[in-house]
Amino acid sequence: MSEPYDAQFYAATHHGNEGDIEFYATLCEGAQSVLELGCGSGRVLSAVVPPLATGLGVDLHEGLLALARDRTRDPHHTPPISYQRGDMRTLDLGRRFDRVLIPYSGLFCLGEPAGLRACLAVAAAHLAPDGLFAVDAYAADGFHHLASQEDMGRLDEWTELERVEVDGVPYTVHERSRWDRDTQTIEAHYR
């Protein structure tokens, strides 16, 4: 995500995938430490860190980190979770975690293949020897191979995506996108 965006709108439009919280909670059972790269508003991490474990969420967006911190501001919130600003392509915390998570297609925010490789190296460097790395991403191969070239999309065509409410005000979210079969990329814009 290269353009600035409002944290409240991000949180209102990013609900995850059906069953993702339960999936990650099961993967985190028995872990003593959990690292979430690209934690956004803390929706996943705040729900999946087991009791007596610690959690750390990392994201570039200060507004989203503020929302994440608000989720766990209660001093009685267990387990202890903290959030810090960082880039999942260059992060070096100097410690390892039992679980490293990148949920809800966070890899797609990286853009270029070099960013993806750097992020995967960061995840590996922070993973404990017997740890588990889990990532959520959809495979676009079928989409790119089955869709006709004429359906590539045009960046001047907006499609209504959903209606959300932020601070009591209703909004309609629109998306425009295009894809490239050769590079297997999708470029999406929202308003």
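Annotation: Arg73 fulfils all but one of (1) on the phi > 0 side of the Ramachandran plot; (2) more than 13 Å from the chain's Cα centre (by Cα); the unmet one is (1). Gly94 falls short on exactly one of the conditions (1) part of a loop (DSSP other than H, G, I, E, B); (2) in contact (Cβ under 8 Å) with a residue 24 or more places away in the chain; (3) out of contact with any Gly (no Cβ under 9 Å at 6 or more places or on another chain), and that condition is (2).
Determine whether Asp74 is at pLDDT 85 or above and acidic (Asp, Glu). The answer is no for Asp74. All conditions in (1) open to solvent by less than 30 Å² (accessible area, probe 1.4 Å); (2) assigned to a loop (DSSP other than H, G, I, E, B); (3) under 15 Å from Gly16 (Cα atoms) hold for Tyr104, with the sole exception of (1).
Of the residues making up the stretch 5-57, those that are touching a Ser or Thr at 6+ places or on another chain (Cβ under 6 Å), open to solvent by 50 Å² or more (accessible area, probe 1.4 Å) and within 26 Å of Pro170 (Cβ to Cβ) number 0. Among the residues of the stretch 22-43, those identified as more than 24 Å from Arg85 (Cβ to Cβ) and under 17 Å from the mean Cα position of the chain (by Cα) are Glu22, Phe23, Ala25, Leu27.
Scan the stretch 11-57 for residues that are touching a helix residue (DSSP H, G or I) at 6+ places or on another chain (Cβ under 6 Å) and of a type outside the set (Val, Ile, Thr) and the total you get is 15. The set of residues in the stretch 161-178 being in contact with a strand residue (DSSP E or B) (Cβ under 6 Å, 6 or more places away or on another chain), open to solvent by less than 60 Å² (accessible area, probe 1.4 Å) and touching a residue at least 24 places away in the same chain (Cβ under 8 Å) consists of Glu162, Val164, Val173, Ser177.
For the stretch 48-91, residues that are more than 22 Å from Asp130 (Cα to Cα), hydrophobic (A, V, I, L, M, F, W, C) and in a loop (DSSP other than H, G, I, E, B) total 1.
Picking from residues in the stretch 108-117 that are open to solvent by 30 Å² or more (accessible area, probe 1.4 Å) and not charged (D, E, K, R), the one that is farthest from His14 (Cα to Cα) is Ala114.
The values are calculated or read from the model by the stated rules, or taken from the named source; none is laboratory data. Not measured: the values here are computed from a predicted model. So basically every Cβ, Gly included, is an ideal-geometry build from the backbone, and we count neighbours across all protein chains shown. For accessibility, only protein heavy atoms count, side chains too; no ligands or nucleic acids. Shrake-Rupley method; radii C 1.70, N 1.55, O 1.52, S 1.80 Å.
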